[in-house]
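Taking it in order: structure first as structure tokens, then the write-up.
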């Protein structure tokens, strides 16, 4: 089959480890698995394997906030100082929920991807095994100077989504992860997904691997926070991620009105890529080509998208630091153009 041959070729070239899943109207158009979920025991990746998705789950945080807005518990114009009981620097009183959702808040980030190359370096001075709750991240940024005044520009910001998670916890009285699992994963039937602690990973969970140029490798156990939260770190199966897209687009999670608000392109970065609420949006000829999310951590890379003109969903999780982007490009060039 030609489709399979093209996919196998690129997966071999980038030494891909993970799952590739394409679905159209709930039918599997293309599926492929490669590599090991556990290298030491040679346990292969499968469609049932759970993968970390890093920042790919900022979408879940945005959906949760939109749910609370829809319930009337806050608005997109609600100011940070009115919905979170903690102190922030000067100018922070002007930050709104909209600013946080669109990376335009100007709040100082605990990991600024424009100036820091390696997420792993962050944990040399801060013990990653202590980062179990959202509040544990606050000392890393909340007294730091603002980068710019709210609304001035787009600057991708992990700390802003930590703040959104803290707002969710304060408004709901439950932990962020409990809220997402009950109000997003459960309604979508995402039974194999969750926010798992690295020291208590469930069955069929891929270990993240960091490869070195000399051929050696190590796991990412000490390279990422021990438990994910509002800015990233959930685990999903590829099948479950398609259920999330279906739940969102079929209005199981939000009404049509608030789904459209989430999917609206509010701002763009220097490369001309648009951003909605927790989601990237690519246009071609002024028409939306895809809604997509992505995530990168040491030992993790993830791309997933919905292509409205094709009715196609693509999910590519990997337990290595690279590969998903290359495969996405090949899929779009050969099947979705």
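The values are calculated or read from the model by the stated rules, or taken from the named source; none is laboratory data. Since we're looking at a predicted model, the values are computed, not measured. Reconstructed Cβ throughout: ideal geometry from the backbone, glycine too, with neighbour counts over all protein chains shown.
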Looking at the structure I just gave you, is residue 308 crowded, with 17+ Cβ neighbours inside 10 Å and over 21 Å from residue 61 (Cα atoms)?
no
Can you find a residue in segment 255-275 that is more than 30 Å from residue 152 (Cβ to Cβ) and out of contact with any strand residue (DSSP E or B) (no Cβ under 6 Å at 6 or more places or on another chain)?
yes
Looking only at strands (runs of 3 or more DSSP E) that lie completely in segment 277-337, which have at least 1 residues being within 27 Å of residue 205 (Cα to Cα), in contact with a strand residue (DSSP E or B) (Cβ under 7 Å, 6 or more places away or on another chain) and in contact (Cβ under 8 Å) with a residue 60 or more places away in the chain?
287-297, 300-307, 312-318
So, in segment 222-265, of the ones that are part of a loop (DSSP other than H, G, I, E, B) and surrounded by fewer than 17 Cβ atoms within 10 Å (Cβ to Cβ), which residue ends up nearest to the chain's Cα centre (by Cα)?
264
Considering only residues that are in a loop (DSSP other than H, G, I, E, B) and either touching a strand residue (DSSP E or B) at 6+ places or on another chain (Cβ under 6 Å) or at pLDDT 95 or above (or both), which ones fall in segment 206-221?
206, 207, 208, 220
Among residues belonging to segment 318-337 that are in contact with a helix residue (DSSP H, G or I) (Cβ under 6 Å, 6 or more places away or on another chain) and buried (at least 21 other Cβ atoms within 10 Å of the Cβ), point out the one that is nearest to residue 280 (Cα to Cα).
327
Give the residues of segment 266-293 that are surrounded by fewer than 18 Cβ atoms within 10 Å (Cβ to Cβ) and within 17 Å of the chain's Cα centre (by Cα), sorted by residue number.
273, 282
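Here's the yes/no breakdown for (1) surrounded by fewer than 18 Cβ atoms within 10 Å (Cβ to Cβ); (2) in a helix (DSSP H, G or I):
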{"residue": "132", "(1), (2)": "yes, no"}
{"residue": "137", "(1), (2)": "no, yes"}
{"residue": "151", "(1), (2)": "yes, no"}
{"residue": "166", "(1), (2)": "no, yes"}
{"residue": "177", "(1), (2)": "no, yes"}
{"residue": "182", "(1), (2)": "yes, yes"}
{"residue": "192", "(1), (2)": "no, no"}
Which of the residues spanning segment 40-80 are more than 22 Å from the chain's Cα centre (by Cα), surrounded by 15 or more Cβ atoms within 10 Å (Cβ to Cβ) and either closer than 29 Å to residue 15 by Cα or free of Cβ contacts under 8 Å to residues at least 60 places away in the same chain (or both)?
78, 79
Residue 183 - would you say it is out of contact with any helix residue (DSSP H, G or I) (no Cβ under 9 Å at 6 or more places or on another chain) and under 29 Å from residue 136 (Cβ atoms)?
no
Condition (residue is in contact with a strand residue (DSSP E or B) (Cβ under 7 Å, 6 or more places away or on another chain) and more than 19 Å from residue 313 (Cα to Cα)) applied to segment 16-25: is it met by at least one residue?
yes
